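> Questions regarding the structure given below will be posed in turn.
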């Protein structure tokens, strides 16, 4: 089995034409807008109708977002929930990587904004092996590998974030102010058995140099406006409009 980290879903009814708005195209300017990409890797299977993958990858993210870093809990860690716009743009880009027929392909997309989010982060990975067509492997193994980067991190790397590339997947995974996620995979037959590209898009984008990954203190004691502490210590969104205002989330 091969595994390579590339970078730091029920989508029926949401089409590329709904994402490729005038505002998105204007925001991206001369950069290709992933929301407007229609090409499909015809020899591959995708996560488009895989509800199990969606549930498992959200749960895996929230499991790790509850974990302290070196004994330090987060006062403001938002619970992650699914977003179809982010998932559709992730799927559009996964198809591009498959079409490129290269492990690393073109790398991260240059403009992944959606009609609802002008700031979108991204984690990517590639895997190959006999089990890489299974939702449980694609969801859980991917997130486990991203989280494993915490072993390379120190408090000085996180408070504030200093753009250490070796931990970028981990820091986006646990970025406190990211509260929406949309992920996708593409799987095709490969000499190793199965070949898969996995992409997760996040809003609001994390990995902002000079900002703390999370606020340290009593778990869930300082949830952002529009969210409240749940029984697990995460901040669950109770008023999306209020939260967007508190976090400064904007449309393109």
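> Tell me, yes or no, whether region 154-168 has at least one residue that is touching a helix residue (DSSP H, G or I) at 6+ places or on another chain (Cβ under 7 Å), surrounded by fewer than 19 Cβ atoms within 10 Å (Cβ to Cβ), within 30 Å of residue 27 (Cα to Cα) and at pLDDT below 95.
Yes.
> Could you tell me which of the residues 213, 209 is over 19 Å from residue 83 (Cα atoms), surrounded by fewer than 20 Cβ atoms within 10 Å (Cβ to Cβ) and in contact with a strand residue (DSSP E or B) (Cβ under 9 Å, 6 or more places away or on another chain)?
Details: 213 fails: surrounded by fewer than 20 Cβ atoms within 10 Å (Cβ to Cβ).
Within the list 213, 209, the selection yields 209.
> Count, please, the residues in region 123-137 that happen to be surrounded by 17 or more Cβ atoms within 10 Å (Cβ to Cβ), touching a helix residue (DSSP H, G or I) at 6+ places or on another chain (Cβ under 6 Å) and outside any strand (DSSP E or B). Spell out how you get there, then give the answer.
Start the filter on region 123-137 by keeping residues that are surrounded by 17 or more Cβ atoms within 10 Å (Cβ to Cβ), which leaves 123-129, 132-133, 135, 137.
This time we only want the ones that are touching a helix residue (DSSP H, G or I) at 6+ places or on another chain (Cβ under 6 Å), so: 123, 125, 135.
Within this subset, residues satisfying the condition of being outside any strand (DSSP E or B) are 135.
Here the count works out to 1.
> Here's a follow-up. Look at region 13-28 and say how many of its residues are closer than 15 Å to residue 95 by Cα and either in contact with a strand residue (DSSP E or B) (Cβ under 7 Å, 6 or more places away or on another chain) or in a helix (DSSP H, G or I) (or both). Working first, answer last.
As a first pass, look at region 13-28 and keep what is closer than 15 Å to residue 95 by Cα: 15-16.
The next check asks that each one be either in contact with a strand residue (DSSP E or B) (Cβ under 7 Å, 6 or more places away or on another chain) or in a helix (DSSP H, G or I) (or both); those that pass are 16.
Adding up the residues that qualify gives 1.
> Right, another one. Can you tell me which residue within region 29-61, out of those that are modelled with pLDDT of 95 or more, in contact with a strand residue (DSSP E or B) (Cβ under 7 Å, 6 or more places away or on another chain) and not in a helix (DSSP H, G or I), is surrounded by the most Cβ atoms within 10 Å (Cβ to Cβ)?
The extreme case among them is 33.
> Can you tell me which condition residue 146 does not meet? The list is (1) on the phi > 0 side of the Ramachandran plot; (2) not in a loop (DSSP other than H, G, I, E, B), and all the others hold.
It is condition (1) that residue 146 fails.
> Sticking with this one: Is it true that residue 181 is farther than 19 Å from residue 77 by Cα and outside any helix (DSSP H, G or I)? Steps first, answer last, please.
Numbers: farther than 19 Å from residue 77 by Cα: no; outside any helix (DSSP H, G or I): yes.
Judged against the criteria, residue 181 is not a match.
> If you check residue 178 against the conditions, is it surrounded by fewer than 24 Cβ atoms within 10 Å (Cβ to Cβ) and in contact with a helix residue (DSSP H, G or I) (Cβ under 8 Å, 6 or more places away or on another chain)?
Details: surrounded by fewer than 24 Cβ atoms within 10 Å (Cβ to Cβ): no; in contact with a helix residue (DSSP H, G or I) (Cβ under 8 Å, 6 or more places away or on another chain): yes.
Against the criterion (surrounded by fewer than 24 Cβ atoms within 10 Å (Cβ to Cβ) and in contact with a helix residue (DSSP H, G or I) (Cβ under 8 Å, 6 or more places away or on another chain)), residue 178 does not qualify.
> Are there any pairs, at least 6 apart or on different chains, whose C-beta atoms fall under 9 Å, with the first in region 115-128 and closer than 25 Å to residue 244 by Cα and the second surrounded by fewer than 18 Cβ atoms within 10 Å (Cβ to Cβ) and modelled with pLDDT under 95, and if so, which?
Correct list of pairs: 115/18; 122/7; 122/108; 123/7.
The values are calculated or read from the model by the stated rules, or taken from the named source; none is laboratory data. The model shown is predicted, which means the values in this text are computed figures rather than measured ones. Glycine gets a Cβ as well: all are built from the backbone with ideal geometry, and neighbour counts include every protein chain shown.
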